[in-house]
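The values are calculated or read from the model by the stated rules, or taken from the named source; none is laboratory data. Everything quoted here is computed from the prediction, not taken from an experiment. Here the Cβ positions follow ideal geometry from the backbone for every residue, glycine too, while neighbour counts run over all protein chains shown.
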C-alpha cells in the first residue's frame, strides 16, 4: 500500500516497515563538517579507518553565520589543520568568514571519506538493549552495541561516533532581558549582521569578550550611539615589537593550559583576550572603545520595560581586565625567557574613567546586542544521561565519554587544552581521537 502521509507529519510508526527495520550500518560516524570533524576525518583516513562525515548543511558553513565583517582573531599562519595548513600569501593577515568557509570546503573536497552534506543528526541514542526499538536483529546481530543516529536521510547505526558539532553551538542570552520592552530588538552574535540591519536609535551591547568589543566598535564607527554593559575580560596589545599577540602567547605556552589547571570548572567559560583581526588587526579593548565614544557601564543586573539596571561595578570590572593584562605580560616574559630574547617595553594601562550610571533609560534605544558567549546543546539531542557536566561540557577521558564508551568529542573548548577548539589546536585533538578509535575498531 502506498504511503501517503505528508512527510512533515511522519513519525517512526508511520514510516514504511523497511525504513524501521533496516538501518545503514557504518562502523564510525563523524557528526559535523567543520574544522573539528574534517580534521578528525583526515586523521581517521590516515589510519585506515572507514567512516562517514555527516554535515547538517555544507562544510564550514557555521562560519558564514557570523556577522558580515567577521574575521579570524588569530593570524592566518595559525591555521594548521592536518593536511590543510594555510598556504596563502598573507600569513600575518586575518581571513574573513567567507575565506574560512572556502578553506574548509576545499579541505572537505580533498578528504578520502564521504562527506554527506544536508544531513543533520536529530538524535543519537545508544542501542544494544533489547527494549530499544533499534535493537539490531538483522545483519547487525543481536547483542551488538553502538549508537543509532536519526538523520533526514534515514537511520544509521555505528560502533563509534565522533561528535564534532563546534565549540560555539548556542548563544547565551541572559535571563534578565526577559523584562525588556518588546519594541526594542534583541540580537545575539548569531543574528547580528551589520549596523545597517539594526533599527534606528542607540544600541546597548551586553558582553565583554572579542565579539562584544568588535561589534561595539563597528557600531561606533558607523556613527551609532553605543552603551556597553561590560563583563570581565583580559586585554592586551595586538602587537609588541611587530610581533602578534597570538605569536607571543603560543611561544609562552599559554594555549597549552589544561582544564585542571584552571581556578574552577566554570572558568572554561571565561572570556578570551580582547582583540580584533578586522582591518589588518589592531588594539581593541575598553580604553579604545571609550576613545570612540562608547559609554561603558557595569554588568547588566536587570531590565524592566525601558529601564536597564546596572551594577555599580565598572571599577572592579576594569581592574579585572587590567589583572588579565598583567597575566598576559607575564606570558610575554616567559616567551622571552624561552627564546633568550630581551623583554620588550610593555606600556602600562592608561587611566580610564569608571563613573557610570546604575540606571539607563532605554527610550531612544533601537536594539540590544547580546555577546555573552555560548553554551553547548549536546544534552538536547544525545540521549545519554550524564553526557555533560554542570557547565555543559562533555564528561570524558581523553576525548571519549566516560558514560558512553565509543562516543568521542573533538572541537570542544578546553577539551584537552585551551587550544582544543582553535584552528591551530583542534588538529592535535583530532589525531589523538583518531588513534584511540583506530585502536578500538
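Below are the figures for this structure:
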{"read-out": "Residue in the range 190-230 that is surrounded by the most Cβ atoms within 10 Å (Cβ to Cβ), counting only those that are in a loop (DSSP other than H, G, I, E, B), within 19 Å of the chain's Cα centre (by Cα) and modelled with pLDDT of 95 or more", "value": "192"}
{"read-out": "Residue in the range 253-262 that is assigned to a helix (DSSP H, G or I), touching a residue at least 12 places away in the same chain (Cβ under 8 Å), in contact with a strand residue (DSSP E or B) (Cβ under 7 Å, 6 or more places away or on another chain) and closer than 30 Å to residue 68 by Cα present", "value": "no"}
{"read-out": "Verdict on residue 258 being farther than 17 Å from residue 91 by Cα and in the same structural domain as residue 232 (by TED's automatic domain parsing)", "value": "yes"}
{"read-out": "Which listed residue is touching a strand residue (DSSP E or B) at 6+ places or on another chain (Cβ under 7 Å) and over 22 Å from residue 435 (Cα atoms), from 97, 106, 123, 87", "value": "123"}
{"read-out": "Members of the range 291-315 that are part of a helix (DSSP H, G or I) and within 12 Å of residue 356 (Cα to Cα)", "value": "314, 315"}
{"read-out": "Index of the failed condition, residue 335 passing every other in (1) at pLDDT below 95; (2) farther than 28 Å from residue 66 by Cβ; (3) surrounded by 14 or more Cβ atoms within 10 Å (Cβ to Cβ)", "value": "(1)"}
{"read-out": "Filtered residue count, the range 263-276, keeping only those that are touching a residue at least 40 places away in the same chain (Cβ under 8 Å), assigned to a loop (DSSP other than H, G, I, E, B) and out of contact with any helix residue (DSSP H, G or I) (no Cβ under 7 Å at 6 or more places or on another chain)", "value": "1"}
{"read-out": "Residue in the range 17-31 that is buried (at least 19 other Cβ atoms within 10 Å of the Cβ), more than 22 Å from residue 168 (Cα to Cα) and modelled with pLDDT of 95 or more present", "value": "yes"}
{"read-out": "Condition check for residue 349: in contact (Cβ under 8 Å) with a residue 12 or more places away in the chain and part of a loop (DSSP other than H, G, I, E, B)", "value": "yes"}
{"read-out": "Qualifying residue in the range 368-389 (condition: part of a loop (DSSP other than H, G, I, E, B), farther than 22 Å from residue 62 by Cβ and not assigned by TED's automatic domain parsing to the domain that holds residue 77)", "value": "no"}
